[in-house]
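Structure record follows, encoded as structure tokens.
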Amino acid sequence: MEALRSGDPRRVGRHRLLGRLGAGGMGLVYLGRSPGGMLVAVKVVHPHLVEDPDFRARFRREVGAARAVSGAFTAPVVDADPDAALPWLATAYLSGVPLDEAVPLPAPAVLALGAGLAEALVSIHRAGVVHRDLKPSNVILGPDGPRVIDFGIAHAADAAVVTRTGSTIGSPGFMPPEQARGMPSGPAADVFALGAILVFAATGAGPYGQGPPHVLIYRAVHERPRLDGVTDPVLRDVAAACLEQDPARRPDPGELLRRLAPHVPEDTDLHGVGWLPESVGTRIAEAGAEVPGRPPTILETVAMPGRRRFLAVGGAAAAVALGTGGVVALVRAMGSADEGTGARRPSASPAASAAAPPPMRDGKVLWKRYSGAEYLLSTPAVSGGTVFTGSEKGNLLAFDARTGKPRWSYRAARRIVTGPAVAGGLVYALSQDGVLHAVDARTGRLRWRRTVGETVADPVVSGGVVYAGGDSLHALVPSTGSVRWRGTGAVRTPAVAGGAVYVPADKRLVALDASTGRTRWTYASPRGVQPAAAANGLVCFADFQGETLHAVDARTGERRWTFDIGETATARPLITDDAVYAGDFGGKLSALDPATGAMRWQSQLEGRIDAGPVLAGGTLYVPSGAHSDGSVYAVDARDGRKVWRFQVDEGIESSPAVADGIVYTGCKDGNLYALDARGGSGATTEPRRGEPGRDIDGDTG
């Protein structure tokens, strides 16, 4: 739990707030105490959701239905106000261990858990509610049995997001195919999720493995679930039935309960911990041993560098987050006071074990500027004392690199989510409609534009040529935009080095001559190609499913080595004289020998790494936390020691830029941040949404 911040309310409705539990794409969550002394999780939605005129009506209907849910294995909604300026909802605060931190479980425990969850779904569906975001972190193993949390308001939030973006919401890996396709989903969606949870509980992995959202969604839609690890035949058959592609072929929760109940011994009491392994029962007891009291002050929080900002009380803490798939409550048991719990920890390197490293400091914010859009996904670029970034609203923005004062704004027809490139006094930005804009870096005036095709690949400027394009890569004259040549299409950002352009194409990496566009060689990668990096005679990329890093000879296209990451890696690697650095989905940053691929060190960060690191002055600056709890870490490139960390509530999924001792990063709260590259000792300040041009000191440009 984190201390309340200066802008936080002290009371919501009748509930006195004690501290912050978490935040996410939908809003903020606080620990509160009701007038009668009951601990509650109070969830306040973000202002932008209220902008949807139909949101309040949907919220009111869903809350009303959720209040009608009564069941032995559900967490009750105790209060709500859909008509408040910012609608809010209060649920019972539950201590315990989330399922995703207690796996794998033995088959008898999983069968009993399945029966309890099926009974919970019977209660939820009887009230006319569909959960739509059932997953392991929404199942709490408490002292009085398993509980399903956060049912009932995901639909209201889902409709609001669909209205705004045309996308659908859910948790990949547990989301059914019909929901992934954006089709209507009903109670059968929860049954699919239950089947995925059973596989996860039995094996420690979901039925579609690990990977980034797009990979998990693809597998759920096009592949059969992976059930080989489920050894119990009854459990495997039940899971297979739940995971049927056709919703109509899935059993309903009542049928599931009838199928599972005969395999649960009559003396099994789910209203306790006796049905669980002793070690899990002990953790549950520890989690409920003490009631959260006074939250730490800001000064106390700052005095705990290197820790996630939660208060561990009696070995337990709660983090309740409103996530992208609806209201997502996470009641986390804290196993240690170290860097994050439940994370896979690499073995310590010799350098790290020789002596205790100094504690990790907090990042220091020099200034921040609101982009005017809800998200800021574009990787910034810095040149000539100006920092440039694109926005979701289609603006290319220029700020004074030292002060953050706005210099100019150029408007494109569609949003700009790729990173701009700067060279020769021009800024090149690609908008979502496939148009490349060349803008004067000093004035913001358009010089030229050219349609090159839709792509998520950033434009690249190298050797007096601009490379950009989707279905075909365009090599353009920087000053006029005229086409020099067209070549193989780039599905991801290409790399340019040594007179060649290395293009991530569909299931192959293609090397093109930078002068002519002719193919030099092709390297086959049946599992696809993520963004490539090239330097020092080496080309590196992760395959599409991101589980293997490939190193290829830049001259011949022959494989030098591969490295099994063990996690999905979608970030662009970084090649230096000393090492190849790669981040992965599990938050690990690995340093590899460029000649052999042997691991030199590995550093565990919190949050998924979606974008590549940047090296400056012997320090790696690494983004993490793509969906929430976004961070920029400063990591010593020699040994992986974490020097400082900047953290915000929302996600960061683009690489930073570094210039003149300042680190620039965009965030999903819509802000561009400027951080002191040396770090600091003070806590970061919460970004404020909807305040264009406001920096930390409150100055407005």
Near pairs, Cβ below 6 angstrom, 6+ apart or cross-chain, from region 588-599 (closer than 17 Å to ALA569 by Cβ and among the small types (Gly, Ala, Ser)) to any residue that is in a loop (DSSP other than H, G, I, E, B) and modelled with pLDDT of 95 or more: ALA591/ALA579
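Please work out if ALA542 is modelled with pLDDT of 90 or more, on the phi < 0 side of the Ramachandran plot, in contact with a Ser or Thr (Cβ under 8 Å, 6 or more places away or on another chain) and surrounded by 24 or more Cβ atoms within 10 Å (Cβ to Cβ). Show your work before the answer.
Working: modelled with pLDDT of 90 or more: yes; on the phi < 0 side of the Ramachandran plot: yes; in contact with a Ser or Thr (Cβ under 8 Å, 6 or more places away or on another chain): yes; surrounded by 24 or more Cβ atoms within 10 Å (Cβ to Cβ): yes.
Judged against the criteria, ALA542 is a match.
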So which of GLY385, GLY394 ends up being under 26 Å from LEU49 (Cα atoms) and surrounded by fewer than 23 Cβ atoms within 10 Å (Cβ to Cβ)? GLY394
From the residues in region 77-108 that are hydrophobic (A, V, I, L, M, F, W, C) and surrounded by fewer than 20 Cβ atoms within 10 Å (Cβ to Cβ), which one is farthest from ASP252 (Cα to Cα)? ALA85
With GLY470, GLY481, GLY498 as the choices, which residue is under 24 Å from GLY390 (Cβ atoms) and touching a residue at least 40 places away in the same chain (Cβ under 8 Å)? GLY481
Return the pairs, sorted by first residue and then second, in which the second residue is among the charged types (D, E, K, R) and crowded, with 20+ Cβ neighbours inside 10 Å, the first residue lies in region 392-404 and is farther than 16 Å from LEU426 by Cα, the beta carbons are less than 6 Å apart, and the residues are 6+ apart or on different chains. GLY404/ARG369; GLY404/ASP695
Criterion: in contact with a His (Cβ under 8 Å, 6 or more places away or on another chain), under 28 Å from VAL382 (Cα atoms), small (Gly, Ala, Ser) and modelled with pLDDT under 95 - qualifying residue of ALA490, ALA468, ALA532: ALA468
Have a look at GLY434, GLY463, GLY444 and point out the one that is under 25 Å from TYR502 (Cα atoms), surrounded by fewer than 22 Cβ atoms within 10 Å (Cβ to Cβ) and over 30 Å from the mean Cα position of the chain (by Cα). GLY463
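Pull up region 565-611, narrow it to residues that are among the acidic types (Asp, Glu) and in contact with a Gly (Cβ under 6 Å, 6 or more places away or on another chain), then point me to the one that is farthest from ALA554 (Cα to Cα). Give the derivation first.
Of all residues in region 565-611, those among the acidic types (Asp, Glu) come to 567, 577-578, 584, 593, 606, 610.
Pick out the ones that are also in contact with a Gly (Cβ under 6 Å, 6 or more places away or on another chain) and you get 567, 606.
Values: GLU567: 25, GLU606: 33 Å.
Among those residues, the one meeting the criterion is GLU606.
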Scope region 484-519; condition farther than 14 Å from LEU473 by Cβ and of a type in the set (D, E, K, R); matching residues: LYS507
Quickly run through region 260-304 and pick out the residues that are outside any loop (DSSP other than H, G, I, E, B), of a type outside the set (Asp, Glu), at pLDDT below 85 and surrounded by 14 or more Cβ atoms within 10 Å (Cβ to Cβ). ALA287, ILE298, THR301, VAL302
Pairs under 9 Å by beta carbon, first residue of a type in the set (S, T, N, Q) in region 256-277, partner surrounded by 14 or more Cβ atoms within 10 Å (Cβ to Cβ), six or more apart or different chains? THR268/PRO108; THR268/ALA112; THR268/ALA115; THR268/TRP275
Reported set for region 238-259 where residues are over 14 Å from LEU117 (Cβ atoms), hydrophobic (A, V, I, L, M, F, W, C) and assigned to a helix (DSSP H, G or I) is ALA240, ALA241, ALA248
Can you tell me which residues in region 657-668 are surrounded by fewer than 24 Cβ atoms within 10 Å (Cβ to Cβ) and part of a loop (DSSP other than H, G, I, E, B)? ASP660, GLY661
Spot the failing condition for GLU547; the list is (1) free of Cβ contacts under 8 Å to residues at least 60 places away in the same chain; (2) surrounded by fewer than 24 Cβ atoms within 10 Å (Cβ to Cβ); (3) farther than 21 Å from ASP639 by Cα, and only one is missed. (1)
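The values are calculated or read from the model by the stated rules, or taken from the named source; none is laboratory data. It should be emphasised that the depicted structure is a prediction, and the values quoted were computed from it without experimental measurement. Using ideal geometry, Cβ is built from the backbone for each residue, glycine included, and neighbour counts are taken over all protein chains shown.
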